[in-house]
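Scroll down for the structure; my scribbles are underneath it.
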Amino acid sequence: MKISVIVSNYNYARYLSRAINSVLTQTYSDVEIVIVDDGSTDNSRDVITQLQEQAPDKIKPIFQANQGQGGAFNAGFAAATGEVVAFLDADDVWKPHKLQRIVEVFQTSDVVGVMHHLDIIDGDDQTIDQASTQGPKLSEDLASVILQTGNAWCFPPTSGLAYRREALSKVFPIDPVKWRIWADGCIIYCTAFLGKIKTLHENLAYYRIHGANNHISAAIATSEQQAKSQAGIEMTNQYINDYLVRIGYGAKVDLSRNLQYRRTKYYQQSQWDLREVWAISRLILGWPFYSGKERAYYLARFLFKSGKFLLSADVHTESPTI
């Protein structure tokens with residue numbers, strides 16, 4: 001089973017060798033690496049050329065004008081020839097047995113995709129307080145999870161994704177304008193409706209946080225970042241539903257079921273709304289990604305914050321359209 005690894009790079013020359021060498025030293029060796037340089041302005045071209053000279057039978061370099069992550073993924077997929085396609089961010093690193101592990105899953109099951117989580121490291125390869133991207137346990141029926149939660153995000157980042165080529169051929173090419181960033185979300189959401197997706201609860205790679213990532217922490221997000229995130233969720237939801245129509249899927253994703261989106265929108269309005277408070281409270285109590293204790297905590301937190309709106313303004317009982 002040949003594996004194609006798509007690496008999208010933009011100005012990550014300082015991390016690129018580490019990423020590519022983590023593929024070349026895998027215990028599973030039937031692999032090709034498609035490196036798409038997306039118009040970098042640093043010395044990435046020199047680094048890629050040197051890497052290709054060291055492993056000419058493994059590395060396919062592509063140099064293109066800047067199009068963003070979606071455009072780079074399109075170019076990489078068009079050049080890939082493997083039965084399975086895995087994705088690796090140019091600043092991340094795989095553990096040596098990662099490919100062997102996912103190949104075992106693809107060879108022994110009918111899943112169309114395999115995901116796994118990552119340990120977190122900094123720009124100097126140091127682990128960050130044993131942190132990881134681990135999230136809730138996910139069913140192989142990922143489509144049901146997405147429908148139930150209104151496309152709420154609970155998935156591994158790019159470097160934890162791998163899919164059968166046959167499935168990805170029904171997704172690519174993706175819209176490079178809409179998916180200039182966060183294109184991994186497009187892949188995750190669309191493939192979920194094509195078959196089973198196995199999530200391994202093993203950290204098989206390292207996710208690097210270094211200050212230049214497209215990574216927003218909810219704890220420090222500015223109002224501008226929140227607005228951008230909300231708009232991204234809305235675009236994603238429309239894109240998913242358009243895709244479901246295209247493949248003839250008999251359901252749509254309802255954004256009103258997305259707790260994070262709906263709660264944030266309510267906070268942004270800063271106005272008491274009894275109906276919306278009731279609806280969001282019900283979402284919190286039934287949220288599948290929360291434990292019982294977390295439901296109680298987040299409900300109390302939400303009601304406390306909502307109470308401030310009640311004390312500071314007139315009561316509004318009509319809900320805005322979500």
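Observations, loosely collected:
- Exclusive hit being in contact with a strand residue (DSSP E or B) (Cβ under 6 Å, 6 or more places away or on another chain), at pLDDT 95 or above and within 24 Å of A152 (Cβ to Cβ), set V93, V111, V84, V105: V111
- Segment 293-309, residues that are at pLDDT below 95 and open to solvent by less than 70 Å² (accessible area, probe 1.4 Å): S306, G307, F309
- Within segment 28-74, the residues that satisfy the criterion of being assigned to a helix (DSSP H, G or I) and either acidic (D, E) or under 17 Å from A162 (Cα atoms) (or both) are D46, E53, Q69, G70, A72, F73, N74.
- No other residue among D42, D92 is of a type outside the set (G, A, S) and more than 27 Å from V171 (Cα to Cα) apart from D42.
- Residues in segment 173-183 that are open to solvent by 20 Å² or more (accessible area, probe 1.4 Å) and not charged (D, E, K, R): P173, P176, V177, I181, W182.
- V114 falls short on exactly one of the conditions (1) in contact with a Pro (Cβ under 8 Å, 6 or more places away or on another chain); (2) over 19 Å from K60 (Cβ atoms); (3) not basic (K, R), and that condition is (1).
- Looking only at segment 136-158, and only at residues there that are of a type in the set (G, A, S) and outside any loop (DSSP other than H, G, I, E, B), the one that is surrounded by the most Cβ atoms within 10 Å (Cβ to Cβ): A143
- The set of residues in segment 28-51 that are open to solvent by less than 20 Å² (accessible area, probe 1.4 Å) and farther than 21 Å from G68 by Cα comprises V31, E32, L51.
- The set of residues from segment 17-27 being assigned to a helix (DSSP H, G or I) and open to solvent by 10 Å² or more (accessible area, probe 1.4 Å) comprises S17, R18, N21, L24.
Matching residues to (1) of a type in the set (S, T, N, Q); (2) in contact with a helix residue (DSSP H, G or I) (Cβ under 6 Å, 6 or more places away or on another chain); (3) crowded, with 16+ Cβ neighbours inside 10 Å; (4) in contact (Cβ under 8 Å) with a residue 24 or more places away in the chain:
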{"position": "G68", "(1), (2), (3), (4)": "no, no, yes, yes"}
{"position": "N74", "(1), (2), (3), (4)": "yes, no, yes, yes"}
{"position": "A80", "(1), (2), (3), (4)": "no, no, yes, yes"}
{"position": "A86", "(1), (2), (3), (4)": "no, no, yes, yes"}
{"position": "G113", "(1), (2), (3), (4)": "no, yes, yes, yes"}
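- Number of positions in segment 56-88 that are touching a Pro at 6+ places or on another chain (Cβ under 7 Å) and within 15 Å of L24 (Cα to Cα): 0
Conditions (1) open to solvent by less than 10 Å² (accessible area, probe 1.4 Å); (2) touching a residue at least 60 places away in the same chain (Cβ under 8 Å); (3) not hydrophobic (A, V, I, L, M, F, W, C), marked per residue:
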position	(1), (2), (3)
G160	yes, no, yes
G185	yes, no, yes
I188	yes, yes, no
I197	yes, yes, no
Q225	no, no, yes
K228	no, no, yes
E234	no, no, yes
Q238	no, no, yes
N241	no, no, yes
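- Filter pass, F106 being open to solvent by less than 20 Å² (accessible area, probe 1.4 Å) and within 12 Å of the chain's Cα centre (by Cα): no
- Verdict on S132 being surrounded by fewer than 18 Cβ atoms within 10 Å (Cβ to Cβ) and free of Cβ contacts under 8 Å to residues at least 12 places away in the same chain: no
- For segment 149-202, the tally of residues that are among the polar types (S, T, N, Q), out of contact with any Leu (no Cβ under 6 Å at 6 or more places or on another chain) and farther than 20 Å from V7 by Cα stands at 2.
- Tally, over segment 73-98, of residues that are closer than 13 Å to V5 by Cβ and under 21 Å from the mean Cα position of the chain (by Cα): 15
- Selection status of Q100, at pLDDT 95 or above, open to solvent by 30 Å² or more (accessible area, probe 1.4 Å), in a helix (DSSP H, G or I) and under 29 Å from Q230 (Cα atoms): no
- Checking each residue in segment 5-16 for being open to solvent by less than 20 Å² (accessible area, probe 1.4 Å) and farther than 17 Å from P157 by Cα picks out A13, L16.
The values are calculated or read from the model by the stated rules, or taken from the named source; none is laboratory data. Computed from a prediction, not measured in an experiment: that's the story for all the values here. Cβ atoms come from the backbone with ideal geometry, glycine included; neighbour counts cover every protein chain shown. With ligands, DNA and RNA removed, areas are computed over all heavy atoms of the protein, side chains included. Shrake-Rupley method; radii C 1.70, N 1.55, O 1.52, S 1.80 Å.
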